[in-house]
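Novice: A single structure is presented below for examination.
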Amino acid sequence: MTVPTRSAAALLAPLLLAAGPSLSQAAEVVNVYTYRQPELIQPLLDAFTKETGIATRVIFADRGLEERIRAEGANSPADVLLTVDINRLAAAKEAGITAPLANAAIEANVPAEYRDPEGEWFGLTMRGRVVYASKDRVPEEAITYEELADPKWKGRICTRSGQHVYNIGLFSAMVAHLGAEGAEKWLTGLKNNLAVKPAGGDRDQAKAIFAGQCDIALGNTYYVALMMTNEKEPEQKEWASAIKVLMPNAGDRGTHVNISGMALAKNAPNRDNAVKLMEFLSGDEAQRIYAETNHEYPVEKGIAVSDIVASFGDLKPDTLPLAEIAKHRQEASELVDKVGYDDGPSS
């Protein structure tokens, strides 16, 4: 990966989200670079500060944080990187911007399948990559990912871009399970069953089902809960009311899950505070906040999910380690282009 030019770096410059001392000035501080939206993590950071007295300084961006940290080099103020996807965690490690961490408390909270074997990243929450299905037009109460390629669904499926990290995570898992040849055949079948050209986000797929443009879609579990509780845009409640959640492969290997996660920055200037934050985020209080506020599945065992998420039914996660899935992300991305997935259904 090349270091961005000045003009590219300017495009990547994210938004500084906390008032007060600069990232390098405060003594009791931890500097957080995050892909997670600020409103989703602020309750957690507030709870951490209340418990420890350590202030947090946050930089948010929807892209380019790995490049920024690498360009900052040894002088980077980044202490902790928070991400929304296994692909970005793996990319951060490969970019050489993370540091290995052996920590008994974190390892006790985060199961092995949701952390890097070398300790360079740790999962915080899970989300299932599930099927949104029309309550009115889809009688099925169970489905597998493999069935999405069945011609019976021709013209009935919608998804966001195949190159989006959420879909690349799922497609990487399919490569791991089916092999490259099998995954290509499956992805071709899925493409042939698309109703429209892939576009929008996961909520847009629920909207498309509500509008009758398609009958099933791929989406993350937490989006359904966020739509169901959206008071600012109440039309999203209608979208959510039109769909039911099907947990693919619940009867065999389990549903593909992705994670939000964290990594210790290689040149963290506030390393001790960073470790304290990482311990806190993996612990009971933070895991409960994640579950209740963000409607995600805690990685720590024994923490209850929200009532809305519980209403989706039991999540049986695919036990294939995410580190193994991440190895296939480049291959999955190439398959998306090879089959012309984002071109939409063939005429």
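Novice: Using the beta-carbon distance between residue 50 and residue 316 and R0 = 45 Å, what value does 1/(1 + (r/R0)^6) give for FRET efficiency, to the nearest 0.05? Walk me through the numbers on the way to the answer.
Specialist: Details: r = 36 Å, r/R0 = 0.79.
Efficiency at R0 = 45 Å is approximately 0.80.
Novice: For the ranges 63-74, 229-240, what's the packing order if you count other beta-carbon atoms within 10 Å of each residue, average per peptide, and put the highest first?
Specialist: Ranking, from highest mean packing down: 63-74, 229-240.
Novice: Further question on the same structure: Exactly which trypsin sites (Lys or Arg not before Pro) in region 276-320 are in a DSSP loop and have at most 12 other Cβ atoms within 10 Å? Working shown, then result.
Specialist: Details: sites: 276, 288, 301; in loops: 301.
Hits after loop and neighbour filter: 301.
Novice: About its Cα centre, how strong a charge dipole does region 127-210 have in debye, to the nearest 20, once Lys and Arg get +1 and Asp and Glu get -1 at the Cβ? Don't skip to the answer; put the middle values down first.
Specialist: Details: 13 positive and 10 negative charges, 75 e Å.
The dipole magnitude comes to about 360 debye.
Novice: State, to one decimal in nm, how far the label point of residue 330 lies from the label point of residue 230, with both points 7 Å from Cα in the Cβ direction.
Specialist: 3.7
Novice: Stretched out fully, how many nm does the piece from residue 343 to residue 197 gain, at 0.36 nm a residue minus the Cα gap?
Specialist: Contour length minus the Cα-Cα distance gives 52.0 nm.
Novice: Under a plain spin-label model, where a point goes 7 Å from the Cα along Cα-to-Cβ, how far apart in nm are residue 105 and residue 61?
Specialist: For the pair residue 105/residue 61, the computed spacing is 3.0 nm.
Novice: Turning to a different aspect of this structure: Which helices, taking whole DSSP H runs in the chain, have alpha carbons extending 15 angstrom or more along the helix axis plus mean Kyte-Doolittle at least -0.5?
Specialist: Within the chain the helices that satisfy the rule are 38-52, 165-192, 271-282.
Novice: So what is the diffusion coefficient of region 81-223 in µm² per second by Stokes-Einstein at 4 °C and 1.567 mPa s, using a Kirkwood Rh over Cα pairs?
Specialist: Values: Rh = 16.8 Å.
Estimated diffusion coefficient is 77 µm²/s.
Novice: What distance in nm separates the simple spin-label points at residue 272 and residue 180, each placed 7 Å from Cα in the Cβ direction?
Specialist: About 5.0 nm separates the two model spin labels.
Novice: A further question on this structure: Scaled to the compact-protein estimate 2.2 N^0.38 Å, what is the alpha-carbon radius of gyration of region 230-347, rounded to two decimal places?
Specialist: Cα Rg divided by the expected 2.2 N^0.38 Å: 1.39.
Novice: Let me ask something else. Could you compute Rg(Cα) / (2.2 N^0.38 Å) for region 232-298, with N its residue count?
Specialist: Region 232-298 yields a ratio of 1.62.
Novice: Under a point-charge model restricted to the Cβ atoms of Lys and Arg (+1) and Asp and Glu (-1), what is the dipole moment magnitude of region 33-79 relative to its Cα centre, in debye to the nearest 20?
Specialist: I would put it at about 40 debye.
Novice: Dipole magnitude of the chain about its Cα centre, charges +1 at Lys/Arg Cβ and -1 at Asp/Glu Cβ only, in debye to the nearest 20?
Specialist: Numbers: 36 positive and 48 negative charges, 130 e Å.
That gives a dipole near 620 debye.
Novice: With all protein chains present, how much of the accessible area of the chain (probe radius 1.4 Å) comes from carbon and sulfur, to the nearest whole percent?
Specialist: Here carbon and sulfur together make up 50 percent of the probe-accessible area.
Novice: Need one number: the % of Cα-Cα pairs in the chain sitting beyond the 28 Å mark. Walk me through the intermediate numbers first.
Specialist: Values: 25783 of 60031 pairs.
Of all Cα-Cα pairs in the chain, 43 percent lie more than 28 Å apart.
Novice: Restricting to the chain, what percent of DSSP beta bridges are antiparallel, rounded to 5?
Specialist: Details: 25 of 38 bridges.
In the chain, DSSP labels about 65 percent of beta bridges as antiparallel.
Novice: Pairs 266/338; 276/301; 237/301; 152/207; 244/327; 232/276: which are spaced more than 25 Å apart, C-alpha to C-alpha?
Specialist: Long pairs (Cα-Cα over 25 Å): 266/338; 237/301; 244/327; 232/276.
Novice: From the square roots a ≥ b ≥ c of the eigenvalues of the alpha-carbon gyration tensor of region 271-335, which class results: rounded (a/c under 1.5), prolate (a/b over b/c), or oblate?
Specialist: Oblate.
The values are calculated or read from the model by the stated rules, or taken from the named source; none is laboratory data. Keep in mind it's a predicted model, so treat the numbers as computed, not measured. Quick reminder, even Gly has a Cβ in these numbers, built from the backbone with ideal geometry, and neighbours come from all protein chains shown. Please note that ligands, DNA and RNA were not included when accessible areas were found on the heavy atoms of the full protein model with its side chains. Shrake-Rupley method; radii C 1.70, N 1.55, O 1.52, S 1.80 Å.
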